[in-house]
Structures are given as C-alpha cells and as structure tokens.
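S.K.: Take this structure first; my questions come after.
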Amino acid sequence: MSKMIPAPYSRATGIGALPHTDPVLACDDVLDVFPDFPYAPTLPDRGLLESIVFNDSAQLPGRLIREGRLLYDSTRDNTSAMEQVYLDFVEENFLPYSLDAAHASAFTEMMTRQFPKAQVLKCQVTGPVTFGMQVVDAEKRPIYYDAQLADVLSKMIALKARWCEHEMQARTGIKETLVLLNEPYFASLGSSVVPLDRATVKTGWQDIASLVRGGLGIHCCSNTDWGFVIGLDPSVISLDAYTTATEFLLYADAIGAYMERGGVVAWGIVPAEYKIFSGETVDSLYARYCAIRTQITKRIPVELFDARSLITPSCGIRFADRNGAGEIQRAASEISKRIRKEAKLP
C-alpha cells in the first residue's frame, strides 16, 4: 500500500502533457491555474525524447532509438546493465536515475520555482506496463512479455519515481509529493487480444510502492479492470471520468472503501481533446460532475467524496494550442471552485 496524500478537498490539478514547446511558459501556466496543487508537465511537442516512454528511457538497459522508435537491443549482452538495476534497487541508489532537461525540460524548469500555496507537488512517469508494451525487442515482441525484462523495468521505474520525489522535495521544499504512473496500457487488463498477467502487474506495482516514500498513483485514461486497480491501493486513481465514469461507478462500494482508507480519485471530467471540449461549457461539465457526485454519494458520505476527490482534465493536453490548453485547465479549476464554494470545503 502506498502512502496516502493529504485530503485535497476537491481541488484541481492537471495531467501530464501540455502542447507548449517553451518550458518556462508551460510552468507559468500551470502555476497560474493550479497554485494549490501544481504539477510538472511533460512537453512531447518539443521532440521525441520528451514523449511518453522516451522521456523515462535514459537508463533502460539495451536502449536503442532507431527511425523514431524506442527499441530494446536484444542482439547484445545487456546482463551487466540489468544487474546494475537490480543492485541499485536493493541499495536504493536512485541518484543515477535522474531526469535531465533533454528528456524532461518542464520538470527541470519547475524545480526552479516557488510554491507559496502548494500542499502537494505532482509529477508523472511512464508506468512499467505501458513502457514494456511500447518497447519491442529484435523479434518485435513487447519486452513486457519477457518476465526478466518486466522485472527490471519495474525496478528501473521505481528508482526513477524515487528520484523524482526526492528531487521535488529537495529543490522546492514541498514535503508532500505525488508521482503518477502513466498507464494507458492498463486498458488491456482482461483483454484476450493484448493479454496482461495480473500477477506480473501487481508485483511490479509492489516493487515501485516499496521504494517510493510519498504518494504514488495510477493514471489510466481508458476503461480497465477498476476492481484490480482499486485493490492495488494507490494514493490516487486518475481516470477519464468524462468517458468512463459509468464503468468506474460500478465499483461504488469499493471506491467508498478506498476513500475511507485515504485514497483519492482524480475525476478527469474535462475533455483533454479540444475538439470535444469545445462542444461543452463549464456549466455542462459542472453538471456532468455533479451527476457523478450525486450518484456515488447515494452509497458513500458526501463529505468523504468531496474530501478525497480531485478535479482534472481527462488526460494530458497535447492536441491544442497554448490558449486551448489554458481553457481546458481553467475549466477544471472553475469546476473545483464551484464545488468547494458550494460544499464550504476548507
């Protein structure tokens, strides 16, 4: 079980990617909209190395980038590099697993900022399932299907997540941190087409949770086996509530028990895709969120729901310009303000 973060009381924050290419402007915009719960965004439009999986791949044994693809070079002996990951994991030697400006320009920039109002500072790294399913070996087989490589991946991601939280605390002075594992490939849980072994997924999660000292959450922007995800007891479950709330709410009793244990749900009620967002208004999205709130609080106390909820965009915002991304993020902030005012939250 990961450490639970302080109750956010329906504050708002963002998720992952922004369309910016200037990390200074990206951090300015985040801090302007989410001063209470800021996050270090990723900027995939700056180049290949800042896109998902690539941005966390610098320490991958056997890493090979060819024709815009991230590959695992299984034609060479990577034993020594893999053994080093195991040794570093056992010794909690996370310093070599840093993010640099080439892979994470906005994270680097955010570490130079001041956070006078922030309760929690959040960042995001690629989860081992998504990482391992995106990277293939010489036989074009996802490396997550290799038991040893899946094990190495979880330990490598654990070390990177530990470095991120340590860096956030050391550089900013904020004591409460949250690292979200970006796991869109959790959508394959239960799939017969792209099968995932639940025992492998759970063991990998436990590896990461054992090393991370602060909050550790999961973001999945597709429908998945929510019962399994809730059972992992992450600090935060971040979902695309705009699209998948109906399926998620089938687990209302489990969600209530999870919140009772201190878990937080980040309700991604604002569409991150601008074309969809432009067909909505803050009023319509607020009404949509209130419908979720009304439904689930038939089963759990409204005070618990409000205390253990966050309001967010549904996913990272990439397919928009800076102004469009700002509109999406401000919509999440406005919904949060309305709920907090209505419920008189602290």
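The values are calculated or read from the model by the stated rules, or taken from the named source; none is laboratory data. Small disclaimer: the values here were computed from a predicted structure and weren't measured. In this analysis, Cβ positions are derived from the backbone assuming ideal geometry, glycine residues included, and neighbour counts consider all displayed protein chains. In case anyone asks, the SASA skips ligands and DNA or RNA and just uses the protein heavy atoms, side chains included. Shrake-Rupley method; radii C 1.70, N 1.55, O 1.52, S 1.80 Å.
S.K.: Quote the charge dipole size of the chain about the Cα centre in Debye, to the nearest 20; the model charges only the Cβ of Lys and Arg (+1) and of Asp and Glu (-1). Provide the component values of the computation, followed by the final result.
M.R.: Working: 35 positive and 42 negative charges, 182 e Å.
Approximately 880 debye in magnitude.
S.K.: Could I ask something else about it? In region 20-165, if every C-alpha pair distance is counted and binned at 10 Å from zero, what percent goes to each bin?
M.R.: 11, 38, 32, 15, 3, 0
S.K.: Next up: Within the chain, which is the longest segment that contains none of the GluC sites (Glu not before Pro) sitting in a DSSP loop with at most 10 other Cβ atoms within 10 Å?
M.R.: Numbers: sites that count: Glu67, Glu139.
The longest such stretch corresponds to 140-346.
S.K.: In addition: Determine the calculated [θ] at 222 nm for the chain from helices alone, applying -39500 (n - 2.57) to every DSSP H run no shorter than 4 residues and normalising by the residue count; nearest 500 deg cm²/dmol.
M.R.: The helix contribution divided over the chain gives -13000 deg cm²/dmol.
S.K.: Do any chymotrypsin sites (Phe, Trp or Tyr not before Pro) in region 1-67 lie in a loop, going by DSSP, with at most 15 other beta-carbon atoms within 10 Å of their beta carbon, and if so which?
M.R.: Details: sites: Tyr9, Tyr39, Phe54; in loops: Tyr9.
Listed in order of number, the matching sites amount to none.
S.K.: Now, a different point. Explain nothing, just compute: Karplus ³J(HN,Hα) = 6.51 cos²θ - 1.76 cosθ + 1.60, θ = phi - 60°, for every residue of region 200-209 in order, whole Hz, x for Gly and Pro.
M.R.: Here the 3J(HN,Hα) series is 5, 4, 5, 4, x, 4, 5, 4, 5, 4 Hz.
S.K.: With springs only between Cα atoms under 10 Å, which of Val282, Val264, Val30 fluctuates most in a Gaussian network model of the chain?
M.R.: Top of the fluctuation ranking is Val282.
S.K.: I'd like to check one number: the per residue accessible area of the chain, probe 1.4 Å, reported in Å² as a whole number. Display every interim value, and only then the final one.
M.R.: Values: 13950 Å² over 346 residues.
Accessible area per residue, the chain: 40 Å².
S.K.: Can you give the percent of C-alpha pairs in region 42-95 whose distance is more than 18 Å? Intermediate results must be reported in sequence, preceding the final value.
M.R.: On the way: 625 of 1431 pairs.
Summing the P(r) of region 42-95 above 18 Å gives 44 percent of all pairs.
S.K.: Going toward the positive end of the dipole of the chain, with +1 on Lys and Arg Cβ and -1 on Asp and Glu Cβ, which of Tyr286, Ile52, Ile230 do you reach last?
M.R.: Of the candidates, Tyr286 comes out farthest on the positive side.
S.K.: Something else now. To the nearest 20 debye, what charge dipole does region 96-220 have about its Cα centre, counting +1 at the Cβ of each Lys and Arg and -1 at the Cβ of each Asp and Glu? Each step should come with its number before you reach the end.
M.R.: Values: 13 positive and 12 negative charges, 86 e Å.
Here region 96-220 has a charge dipole of around 420 debye.
S.K.: Would you mind telling me which residue in Phe248, Phe228, Phe305 has the biggest mean-square fluctuation in a Gaussian network model of the chain, where springs connect alpha carbons within a distance under 10 angstrom?
M.R.: Greatest mean-square fluctuation among the candidates belongs to Phe228.
S.K.: Using the crude model of +1 on Lys and Arg Cβ and -1 on Asp and Glu Cβ, and no other charge, please compute the dipole size for region 28-83 relative to its Cα centre, in debye to 20.
M.R.: Details: 5 positive and 11 negative charges, 90 e Å.
Computed charge dipole of region 28-83: roughly 440 debye.
S.K.: Sticking with this structure for a sec: Hey, what's the Cα Rg ratio for region 137-204 versus the globular rule of thumb, 2.2 N^0.38 Å?
M.R.: On the way: Rg = 15.2 Å, N = 68, 2.2 N^0.38 = 10.9 Å.
The value comes to 1.39.
S.K.: For region 220-234, in order, what is each residue's ³J(HN,Hα) by Karplus, 6.51 cos²θ - 1.76 cosθ + 1.60 with θ = phi - 60°, in whole Hz (x at glycine and Pro)?
M.R.: Values per residue, Gly and Pro as x: 9, 9, 10, 5, 8, 7, 5, x, 5, 5, 4, x, 6, 6, x Hz.
S.K.: In cubic angstrom, how much convex hull volume per residue do the alpha carbon atoms of the chain span? Each step should come with its number before you reach the end.
M.R.: On the way: hull volume 43.0 nm³, N = 346.
It comes to 124 Å³ per residue, whole-number rounded.
S.K.: For a 31 Å ceiling on Cα separation, which of these pairs sit above it: Lys122/Lys202; Lys3/Lys341; Lys155/Lys275; Lys155/Lys344; Lys160/Lys344; Lys202/Lys344? Show your work: numbers first, answer last.
M.R.: On the way: Lys122/Lys202 23 Å; Lys3/Lys341 28 Å; Lys155/Lys275 38 Å; Lys155/Lys344 43 Å; Lys160/Lys344 38 Å; Lys202/Lys344 38 Å.
In this structure, Lys155/Lys275; Lys155/Lys344; Lys160/Lys344; Lys202/Lys344 exceed 31 Å between Cα atoms.
S.K.: At a 1.4 Å probe radius, carbon and sulfur cover how many percent of the accessible area of the chain? All intermediate terms of the calculation are to be shown ahead of the outcome.
M.R.: Working: 6930 of 13950 Å².
Answer for the chain: carbon and sulfur cover 50 percent of the accessible area.
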